[in-house]
Amino acid sequence: MQGFSKKPLASLLAAAIMAGALLAPGLAPAAEAPGKVISEKNGLPWPAVIAHRGASYDAPEETIPAYTLARDLGADYLEMDIQRTKDGVLIALHDDTLERTTNIAKVYPKRSKDPVSSFTLAELKELDAGTWFNKAYPSRARDSYVGLQILTLDEVIDIAEGGTNKPGLYIETKVPSQFPGIEGDLRRALAKRGWLNPRPAAAPGNVNVAHMPGRVVLQTFDKSSLMLLQKEMPKVPKVLLLWIGEGSIEPKSSVPFKDSGFKDKASYYAAQEIKSQEEFVAWIDWAKAHGAIGTGPSSQLTDGGDQSYMDLVKPWMNNLTHDKGMLVHPYTVDEAVDFKKISTDGADGFFTNRTPELLKFYGRPARDSIDTILKRSGY
Ligand code: G3P
Ligand code: CA
């Protein structure tokens, strides 16, 4: 890539991370990694472990055990997707319908394809948000996951505050066009719980991100929502999520999946390319001009799968983003082979479903096992 600097130092640093030597005392190169400097300037931990929908490899996404496990394992951030109920309550849920992760077909059969926004909180609390996980992942199933409930933002905050580790909150406005004013609702909710002001420090030896200026990171794919988040919470760090396609970065060729001839989505996504380098630069410049301190790019994964998306973490892209003074938090990465490759290419942390694996990669393994934490928490 012409015109953008190569970063041999970043590669050296990534090698240090891979060797687990990053946290060893007296290692100078880490201090000079561009993403570390940028993260520190914005009050974020580096490198960051962002528990995607909680520890969602081991427990049903965005439920009490998923977030409790992520917290107690030592994730820096609890990641969540925020939507709003019909009666105005902010909840943590990824999909904008309830079919995949609840038993809606059984409880409200005539409404099973209706949007989340058409249900009251009381109605959503009737749903079982755990049994689907046991069916989808029998090897990780637990009887105690049956009957888990969808959580409110307040309940996720209770979990973040409730342990000796004090993780931060990494909050996405999900399908924000369906929820006019959700950015203001979010500001009020966070302010009410004291998360827009300095918070007490954790006891030494514990995760202390809630005490840092970057205790909350706001994320969105939606440019309009980024602008509204910036208006509502100008001092809170923001990340623009990157994708190729409608409403996001323009592709070189826009053949839909169904006409593409690819058998699986991962192969289709891997073939997607940005229209031009200038298009990428324009997105980074726009993000920075509208308050983002970093990007959340999609990643292509070595083993494919349903989380393998477009490769927006090429070294020139990460270098360019760093050169613009912005950090890079790719989604959603679970395997050591990808932690290693994408760290070498410049990542400053990851969204991951597998918090314990990423902690291990960064040389700060969890003190307790998954089973120990889940049992201790009643699961
Ligand atoms: O928020 C980062 C990543 O979570 C974006 O993908 O679809 O899992 O929300 P998604
Ligand atoms: Ca998300």
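The values are calculated or read from the model by the stated rules, or taken from the named source; none is laboratory data. Keep in mind that this is a model prediction, so the values were computed, not measured. Don't worry about glycine lacking a Cβ; one is built from the backbone with ideal geometry, like all the others, and counts go over all protein chains shown. Calculation scope for accessible area: heavy atoms of the full protein, side chains included, ligands and nucleic acids excluded. Shrake-Rupley method; radii C 1.70, N 1.55, O 1.52, S 1.80 Å.
A few comments on the model shown:
- Within the range 258-379: Cβ-based charge dipole about Cα centre, in debye rounded to nearest 20 (Lys, Arg +1; Asp, Glu -1): 420 debye
- Accessible surface area normalised per residue over the range 77-165 is 44 Å², counting heavy atoms of protein chains with a 1.4 Å rolling probe.
- With each label modelled as a point 7 angstrom along the Cα→C-beta vector, the Tyr137-Lys231 pair spans 3.9 nm.
- Relative contact order (%) - the range 116-158, alpha-carbon pairs under 8 angstrom, separation at least six: 40 percent
- Whole-Hz couplings from phi, Karplus 6.51/-1.76/1.60, listed for the range 292-309; x for Gly and Pro: 6, 9, x, 10, x, x, 6, 10, 8, 9, 4, 9, x, x, 7, 9, 8, 10
- Relative contact order, whole percent, for the chain stands at 21, derived from Cα pairs under 8 Å and 6 or more residues apart.
- Estimated distance in nm for a label pair at Asp371 and Arg188, the labels positioned 7 Å out from Cα along Cα-to-Cβ: 4.7 nm
- The antiparallel fraction among DSSP beta bridges confined to the chain stands at about 20%.
- Solvent-accessible heavy-atom area per residue, rounded to whole Å², over the range 174-302 at 1.4 Å: 49 Å²
- Cross-link reach list, lysines versus Lys110, counting only Cα pairs under 22 Å and skipping chain neighbours closer than eight places: Lys86, Lys125
- Relative contact order of the range 155-241, defined on C-alpha pairs under 8 angstrom at six or more residues apart (%): 33 percent
- Solvent-accessible area, 1.4 Å probe, carbon plus sulfur percent, for the chain: 54 percent
- Computed helical MRE - 222 nm, the chain, DSSP H runs ≥ 4 contributing -39500 (n - 2.57), nearest 500: -9500 deg cm²/dmol
- Trp286 exposes around 50 Å² of accessible area when a 1.4 Å probe is run over every protein chain in place.
- When the surface is traced with a 1.4 Å probe over the full set of protein chains, Val255 keeps roughly 60 Å² accessible.
- In this structure Glu335 has an accessible area near 80 Å², from a 1.4 Å probe over the protein heavy atoms.
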